[in-house]
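A short write-up of the structure that comes next.
The values are calculated or read from the model by the stated rules, or taken from the named source; none is laboratory data. Quick caveat: nothing in here was measured; it's all calculated off a predicted structure. Remember, those area values only see protein heavy atoms, side chains included, never the ligands or the DNA or RNA. Shrake-Rupley method; radii C 1.70, N 1.55, O 1.52, S 1.80 Å.
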Amino acid sequence: MELIVVAILATVASLLTLFAARQWPGDRFLCDTCRFNNPDACHKRDRPTAIVCASYRTNANVEQISK
Ligand code: SF4
């Protein structure tokens, strides 16, 4: 019985992981469009792959490129 429960939990965990991976926006990180995305301007550990950051400021040049 315990083996069945473990198998079900493992299956659910795998499905949730696959679902989350499909929802991820690929290689898009907050830093990609942040004006501080260089080692001199930003010393945060999450750079360059931050997905949440209170210091984020839009890089005007990136906005113009994406239009
Ligand atoms: S301030 Fe935040 S979003 Fe901007 S580069 Fe640094 S970690 Fe990334």
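Which value, in Å² rounded to 10, gives the accessible area of Thr58 with a 1.4 Å probe and all protein chains present?
Thr58 has an accessible surface of roughly 50 Å² with all protein chains in place.
Working with all protein chains in place, sort Leu30, Leu15, Leu3 by solvent-accessible area computed with a 1.4 Å probe, largest first.
In descending accessible area the options line up as Leu3, Leu15, Leu30.
At a probe radius of 1.4 Å, what is the per-residue accessible area of Ser55, in Å² to the nearest 10?
Counting only protein heavy atoms, the figure is 50 Å².
Apply the Karplus curve 6.51 cos²θ - 1.76 cosθ + 1.60, θ = phi - 60°, to the phi angles in the stretch 37-48 and return the couplings in whole Hz, x for Gly and Pro.
6, 8, x, 7, 8, 9, 10, 6, 5, 6, 5, x
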